[in-house]
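Data first, discussion second: the structure below is written as structure tokens.
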Amino acid sequence: MEQQPIQEIQADIVDEFSMFDDWMQRYEYMIELGKSLPVIEARYKTDENLIKGCQSKVWVHADLEDGRVHFTADSDAIITKGIIAILIRAFSGQKPSDIIAAKTDFIDEIGLKEHLSPTRANGLVSMIKQLKLYALAYETQMES
């Protein structure tokens, strides 16, 4: 099955969030998304895979398969788990170069940043940065 482009996935996410009238419903939806997260294997729940700059613990692991990056993650906080689930849905299974080039405006479009505490918003930025760093590392590996 051909992987949907990042922009299309992001547009789908924006559409899904626009179906909810208020933020309580959106938070509930994020919690649901968190439950569907591809869970990281216990052996990858290491300090090395912890995202720095997050108030709660978020572990992310990346693998390169057939030129595409696949992410798994987990968090000890349900909202944070929902946030990382949204990012992984947009970026997992994509080519490293596409992940690096991807814009993350869809986060603003669903109004996520403005409804997060400043520490969670910083954590969100750290998560995006970390996913892009993994992609960059894999792209560099593929070139050499």
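The values are calculated or read from the model by the stated rules, or taken from the named source; none is laboratory data. Predicted, not measured: the structure shown is a model, and the values here were computed from it. Heads up, the Cβs are rebuilt from the backbone with ideal geometry, glycines too, and the neighbour counts pull from every protein chain shown. To get the accessible areas, we keep the full protein, side chains included, count just its heavy atoms, and leave off ligands, DNA and RNA. Shrake-Rupley method; radii C 1.70, N 1.55, O 1.52, S 1.80 Å.
Compute log10 of I(q)/I(0) for the chain with the Debye formula, placing one identical point scatterer on every Cα and leaving out solvent, at q = 0.10, 0.14, 0.16 Å⁻¹, to two decimals.
-0.31, -0.62, -0.82
Taking a cut-off of 20 Å, what percent of all Cα-Cα pairs in region 9-78 are separated by more than that?
On the way: 1070 of 2415 pairs.
Result: 44 percent of Cα pairs exceed 20 Å.
Using only alpha carbon pairs under 8 Å that are at least six residues apart, calculate the relative contact order of region 6-143 and give it in whole percent. Walk me through the intermediate numbers first.
Details: 185 pairs, mean separation 38.7, N = 138.
Reported relative contact order: 28 percent.
For region 115-137 and region 1-75, what is the separation of their Cα centres, given in Å?
Using only Cα atoms, the two centres lie 11 Å from each other.
Along Cα→Cβ, 7 Å out, is where each label goes; now give me the distance between the ones at Gln7 and Asp47 in nm to one decimal.
4.3 nm
If packing is taken as the average number of other Cβ atoms within 10 Å across a peptide's residues, how do 20-26, 36-42 rank, most packed first?
Values: 20-26: 11.9, 36-42: 13.9.
Final packing ranking: 36-42, 20-26.
Computing the accessible area with a 1.4 Å probe over protein heavy atoms, can you report the carbon and sulfur percentage for the chain? Intermediate results must be reported in sequence, preceding the final value.
Numbers: 4020 of 7880 Å².
About 51 percent, which is the carbon plus sulfur part of the accessible surface.
For a quick check, take a GNM of the chain with Cα springs below 10 Å and name the residue from Gln130, Gln94, Gln55 with the largest mean-square fluctuation.
The residue that fluctuates most here is Gln55.
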